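J.: Mind looking over this structure? Questions follow.
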Amino acid sequence: MLNLRSLRKHIASGATDALVALRCVDDLTLAADRIASNVRALQTLSTHSGSDAVDLAAVVSSALRLAAPTLEPRAQVTRRIASTAKVCGEESRLGQAVLAMLLFSSSGFSESGDAGGEIVVAVEPRGPRVVVEVSDNGRDLAPEEAEHAFDPFFRSPARGAGVGVGLGIARSVASTLGGDVSLARRDTTEVDLAAVVSAALRLATPTLEEHAHVIRQIFPVRRVLGEESRIGQAVLAMLLFSSSGFETQSTNVSNRIVVSVEQRDDDVVLEVSDNGHELTPDEANHAFDPFYRSSVRGAGVGVGLGVARSVAAALGGEVTLARRAGGGAVITMRLRASAA
């Protein structure tokens, strides 16, 4: 409305500055597009359609658009939505269940947002089932909350305030379709980063050794606080990005990927460096952007490098990418060591 009034005032004044008018029109068009997107999402969640083959990834995307004004001020939202087989159900009911899960997760953060807060929304096939997983690093889930969050009208001063009924509905929707909804504490324990890196190297070796010789410089370090599986995913993304700096099945014996883990004061540092293709300024600036693609570096793995940064940020750490002196790239992860 403010832009409409500004546009009317500008026209009424007889001003001839078309750029100001065009800027108002562009702002109005963008706002209208956002409203239309939210209306479509709301229609999806409110229209009874009967049981049918439903694209759960599309339902989750619609729920995320609708919930964005609540989620995004509280935490960074990371989407890991894969293409999956369709599921049998009622699209509107499934959307309500997903929305309840998103709102419960957002209730783990303050309304003004918490530094390093992250909500990860994943859709993926696991065996014969399609799984929606909403995880966060917000306030710890108390045993009472884990036990009663699905009870009608349950209230907690921390988690799920005002949305406990919805989480109960989410479970009932899933159960009527032969599925289930569960709630658990996100495991955050003391993790041996050196062991996680060694495990990721074993997993990635077939890919890495097609590109370069891998040199390991892994020293004993203090443990870090985190979720082992998520840290492992971040490490794997760093390794794969580094390998993308070389041609596949390269015969150049001088190709090197150096993987080091060491203690630096109160930080535990993982560094993956290589002497592959030169890192361009565009790649250095955008490699962490979702869905960024380069014809050389990071083709197909840019999303993973973005996830690596979000994993580290959630633990109070960081992931950086820089050009290596003499050619190649250096990816560095710094995590705060736990108390000795």
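J.: Within the stretch 187-208, which residues are charged (D, E, K, R) and in contact with a helix residue (DSSP H, G or I) (Cβ under 9 Å, 6 or more places away or on another chain)?
T.: Matches in the stretch 187-208: Asp187, Asp192.
J.: Right, something else. Within the bounds of the stretch 245-264, is there any residue that is touching a His at 6+ places or on another chain (Cβ under 9 Å), hydrophobic (A, V, I, L, M, F, W, C) and either under 30 Å from Gly138 (Cβ atoms) or surrounded by fewer than 18 Cβ atoms within 10 Å (Cβ to Cβ) (or both)?
T.: yes
The rows are residues; the columns are (1) under 20 Å from Leu183 (Cβ atoms); (2) free of Cβ contacts under 8 Å to residues at least 40 places away in the same chain; (3) basic (Lys, Arg).
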residue	(1), (2), (3)
Ser83	no, yes, no
Val87	no, no, no
Gln96	yes, no, no
Leu102	yes, yes, no
Ser105	yes, yes, no
Phe109	yes, yes, no
Glu118	yes, no, no
Ala122	yes, no, no
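A short reminder: the numbers here are calculations on the coordinates, not readings from a lab. A quick note: this is a predicted structure, and the numbers were derived from the prediction, not measured. When we count neighbours, we look across all protein chains shown, and the Cβ atoms used for this are built from the backbone with ideal geometry, even at glycine.
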